[in-house]
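Beneath this line is the structure, given in structure tokens, with notes to follow.
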Amino acid sequence: MDEQLAESQHLSNPEDILRVLQALLLNRSLLTVAQPGTQALASSMVVAIDDQTGYWLIDALSDETLQHQLRSGQTILIRAAYGGIQVSCEAKVQDQVEWDYLPAVKLTLPQKMLHRQRRAAFRADIAAADRPHIQLESNQRPEPLHGQVFDISADGVGVLFDKFIRPPIEPGELFSCAQLHPALPQQHWQLMAKHPQYDKMNDKYRCGFSLVDMNAADAKRISQWVLAEQRKQRMSRRR
């Protein structure tokens with residue numbers, strides 16, 4: 001079953017938008033932040049909201065280069081999720097400030113916000129013999145990580161590593177990979193770490209990654225891969 005949109009709302013009432021920001025704050029939701037016209041991405045989270053003025057603060061961006069490029073009046077793109085609901089909006093940078101003795105970014109209240117709820121995506125397990133190799137690169141790490149894709153869905157992949165990763169993968173950490181599957185065209189994909197787990201008994205390290213900024217053609221290729229794995233599962237159950 002492919003992922004489907006159950007409901008989509010365009011919010012413009014400031015009170016509604018503030019309630020969503022409060023939900024992101026309470027859930028400590030990871031934010032994906034981008035600058036219009038660039039492919040660079042960074043992660044952050046909401047750290048404070050001023051209900052009276054409408055200003056809100058996010059933690060300093062995970063990418064130091066993007067953080068240093070922020071200027072007052074600049075528009076940034078923000079995506080996040082909480083409780084199965086996906087949120088996207090634009091916000092203007094007011095200033096770079098300090099919050100609780102740490103650097104933060106002060107933003108104006110978004111004028112509009114896309115608020116949509118998704119049904120769970122079908123996740124297909126990949127047989128051990130068919131698991132493709134994946135190489136993950138990050139400008140925060142001196143060497144790439146190597147693993148195997150053990151499951152795939154329309155919006156993410158599960159990766160198995162043969163040993164404990166040092167330093168440990170952090171939720172929200174961004175990676176790029178050159179290829180997810182031999183049958184897919186060679187190109188760079190953006191992935192965000194979601195659920196890193198270490199199995200001490202088997203000395204295996206697993207992590208779920210969400211696919212970030214997929215264009216329509218790439219999303220179609222991923223969906224075709226998911227359907228192919230789904231067919232394999234059905235055939236194996238019939239034997």
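Can you tell me which residue among GLY156, GLY172 is at pLDDT below 90, more than 21 Å from ALA228 (Cβ to Cβ) and touching a Lys or Arg at 6+ places or on another chain (Cβ under 9 Å)?
Numbers: GLY156 fails: more than 21 Å from ALA228 (Cβ to Cβ).
From the options GLY156, GLY172, the qualifying one is GLY172.
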Selection from the range 150-167 of residues that are surrounded by 13 or more Cβ atoms within 10 Å (Cβ to Cβ) and either within 23 Å of SER44 (Cα to Cα) or touching a Gly at 6+ places or on another chain (Cβ under 7 Å) (or both) = PHE150, ASP151, ASP155, GLY156, VAL157, GLY158, VAL159, LEU160, PHE161, ILE165
Expected output for the range 214-231 (first residue surrounded by 14 or more Cβ atoms within 10 Å (Cβ to Cβ), partner at pLDDT 80 or above and hydroxyl-bearing (Ser, Thr, Tyr), Cβ below 9 Å, 6+ apart or cross-chain) is ILE222/SER153; VAL226/SER153
Take the range 34-46 and flag every residue that is touching a helix residue (DSSP H, G or I) at 6+ places or on another chain (Cβ under 7 Å) and assigned to a loop (DSSP other than H, G, I, E, B).
-> GLN35, ALA40
Can you tell me which residues in the range 109-130 are over 21 Å from the mean Cα position of the chain (by Cα), at pLDDT 90 or above and crowded, with 16+ Cβ neighbours inside 10 Å?
-> LEU109
Candidates GLN9, GLN22, GLN86, GLN96 - the one that is farther than 18 Å from ARG116 by Cα and either surrounded by fewer than 17 Cβ atoms within 10 Å (Cβ to Cβ) or not assigned by TED's automatic domain parsing to the domain that holds ASP155 (or both) = GLN96
Which one of the conditions (1) within 28 Å of GLY158 (Cα to Cα); (2) out of contact with any Asp or Glu (no Cβ under 6 Å at 6 or more places or on another chain) does GLN96 fail to meet, given that it meets all the rest?
-> (1)
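From the set of residues in the range 1-33 that are within 26 Å of ILE152 (Cα to Cα) and in a loop (DSSP other than H, G, I, E, B), which is modelled with the lowest pLDDT? Before the answer, list the steps.
Step one: filter the range 1-33 for residues within 26 Å of ILE152 (Cα to Cα), giving 1-8, 27-33.
Going one step further and asking which of them are in a loop (DSSP other than H, G, I, E, B), we end up with 1-4, 27-30.
Values: MET1: 34, ASP2: 38, GLU3: 40, GLN4: 42, ASN27: 80, ARG28: 85, SER29: 87, LEU30: 90.
Within the range 1-33, the match that is modelled with the lowest pLDDT is MET1.
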Restricting attention to the range 132-146, the residues that are within 18 Å of the chain's Cα centre (by Cα) and of a type outside the set (A, V, I, L, M) number exactly 5
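The values are calculated or read from the model by the stated rules, or taken from the named source; none is laboratory data. Model, not experiment: these values are computed from the prediction. Cβ atoms come from the backbone with ideal geometry, glycine included; neighbour counts cover every protein chain shown.
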